[in-house]
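Presented below is the structure to which this report refers.
The values are calculated or read from the model by the stated rules, or taken from the named source; none is laboratory data. All figures in this text were calculated on a predicted structure; none of them were measured in a lab. Here the Cβ is made from the backbone with ideal geometry for all residues, glycine too, and neighbour counts use every protein chain on show. Calculation scope for accessible area: heavy atoms of the full protein, side chains included, ligands and nucleic acids excluded. Shrake-Rupley method; radii C 1.70, N 1.55, O 1.52, S 1.80 Å.
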Amino acid sequence: MPATLLPDEPAPVRLMNTVWAGRSVLSDDFDTVEGFREWVAALDPDAAEAAAGERDRFRALRDALRRLAAFATGDTRPAAASAVAEVEAAVAEVNRAAALAPSWPVLELRGDGLAERSAGAGDPARRLLASLAAQGVELLAGAGRGTLRACYGPNCVLYFTKDHPRREWCSAGCGNRARAARHYARHRDARD
């Protein structure tokens, strides 16, 4: 499950990365209720149980964010194409999800320190969905909007945020595959 393997990525990027490329086929972490609940529990354990009935809404938000990420990054990878074809439809879906459940931060005293948690209208799953949509808006249109990238590693369909000037891939594995592919291509061209 790549979405949980890249824990430093913002939550909307991890949501987009619930679609990932296996050896010969695209995989979707949301194809099973168990996979979906596991992903939600990694973000918000309180929302995991309530989220089961919201899987289609999470999938719709994910597909909308993938379409908008492709638009924002100029991503033309056919394998990474979203189920949402039109940018306008993707914008409408993100806005719909953001409006589902108003939420706000709440300060709590935990042990000897302060902690923040989310509170608001609606059940925890809808609050999580609305929060993901709001974070997606910030990622795509906020101050850090230029950091989102598509990974062009061989057969990769993931997105990442460029947190270092030299970062080109979502993971070291994609970087290694890309370098190996370039090496083999150079040697093959030299032989021919």
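Yes/no matrix, rows are residues, columns are (1) among the aliphatic types (A, V, I, L, M); (2) within 25 Å of Ala51 (Cα to Cα); (3) open to solvent by less than 50 Å² (accessible area, probe 1.4 Å):
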position	(1), (2), (3)
Val106	yes, yes, yes
Ala115	yes, yes, yes
Gly120	no, yes, yes
Leu158	yes, yes, yes
His187	no, no, no
Are there any pairs with C-beta distances below 6 angstrom linking a residue in the range 62-86 that is over 11 Å from Leu140 (Cβ atoms) and acidic (Asp, Glu) to a residue that is open to solvent by 60 Å² or more (accessible area, probe 1.4 Å) and part of a loop (DSSP other than H, G, I, E, B), with the two at least 6 apart or on different chains, and if so which? Asp63/Ala83
Restricting the search to the range 75-104, which residues are among the hydroxyl-bearing types (Ser, Thr, Tyr) and surrounded by fewer than 12 Cβ atoms within 10 Å (Cβ to Cβ)? Thr76
Filtering the range 31-79 down to residues that are in contact with a Cys (Cβ under 9 Å, 6 or more places away or on another chain) and at pLDDT 95 or above yields none
Tell me the residue from Phe71, Phe36, Phe58 that is surrounded by fewer than 21 Cβ atoms within 10 Å (Cβ to Cβ) and of a type in the set (Phe, Trp, Tyr), please. Phe71
Yes/no for Ala21 being under 15 Å from the mean Cα position of the chain (by Cα), farther than 15 Å from Gln135 by Cβ and surrounded by fewer than 21 Cβ atoms within 10 Å (Cβ to Cβ): yes
Look at Glu168 and say whether it is in contact with a Gly (Cβ under 7 Å, 6 or more places away or on another chain), open to solvent by 20 Å² or more (accessible area, probe 1.4 Å) and at pLDDT 85 or above. yes
For the range 122-147, how many residues are open to solvent by 10 Å² or more (accessible area, probe 1.4 Å) and touching an Asp or Glu at 6+ places or on another chain (Cβ under 6 Å)? 2
Considering only the range 62-82, state which residues are assigned to a helix (DSSP H, G or I) and in contact with a helix residue (DSSP H, G or I) (Cβ under 8 Å, 6 or more places away or on another chain). Arg62, Asp63, Ala64, Leu65, Arg66, Arg67, Leu68, Ala69, Ala70, Phe71, Ala72, Ala80
